[in-house]
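A quick write-up on the structure given underneath.
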Amino acid sequence: MALVTVFLLLQLLLALALNEEIECTGNDGGWLRNEYSPVQEEESCTVERRDGSITYAEFIEQYAYRRPVILQGITDNSEFRTLCRKDHLLKTYGDHLVRLSTANTYSYEKVDVPFQEYVEHWLRPQDPKTLGCDTLYFFGDNNFTEWGSLFQKYIPPPFKLPGTTGAYSFGVAGSGTGVPFHWHGPGFSEVIYGRKVLYFPDRWWHATLNLDTSVFISTFLG
């Protein structure tokens, strides 16, 4: 049982290290810089991928309660992606406060800073050897009053579990940041700029690692 558990944890961790090429500079939304070196991938992804032809019945039967899956091409978030360009977010939300959290279980330490200050001074590559509890970055803790107009443009994945509704968690993080192993309810994690698309079942142990400077949004089903 222990070996099986370790395998499942490693399988999901590898899902977050997708073996895809970094998008060219013209398509990175202005978020990648020369000094922002991405974290190198160690293995290729072992999690199954499905494209837009997958049906809801297939999703429920094969993945919803069984295992993670990478879903590609099931929504068109090109408008939302444009709105998440670095220049647009800074122009629209630069003076808005964002809450930075540490990636430990309870996030004891929280710091409020203007979004522009965060992007210019905090958003930088982190040493992967640095403990999660020592790294502050912007994920979750969203002010839906201030950011609501942006979230209204997001098209969530079309598949929901019966009896659940989705709650959004939006963030921007530097290369090398992430969250140690943990679990929670089911949901989708989508990177707008960066590398990840992924569904995770309920109570599936997982860790996250941002390979590049990433803009991401998760839809938690509860």
Added length on full extension, which subtracts the Cα-Cα distance from 0.36 nm per residue, S78 to S169: 30.9 nm
Nearest-0.05 FRET efficiency for H182 and V111, computed from C-beta distance (R0 25 Å): 0.75
Relative intensity, log₁₀ I(q)/I(0), of segment 89-171 from a Debye sum that treats every alpha carbon as a point, q = 0.15, 0.19, 0.21, 0.23 Å⁻¹: -0.67, -0.95, -1.06, -1.14
Cα gyration tensor, segment 52-126 - rounded (a/c under 1.5), prolate or oblate: oblate
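Since every read-out is calculated from the coordinates, none of them should be taken as a lab result. These numbers were taken from a predicted model, which means no experiment stands behind them. Glycine also receives a Cβ, built like all others from the backbone with ideal geometry; neighbour counts cover every protein chain displayed.
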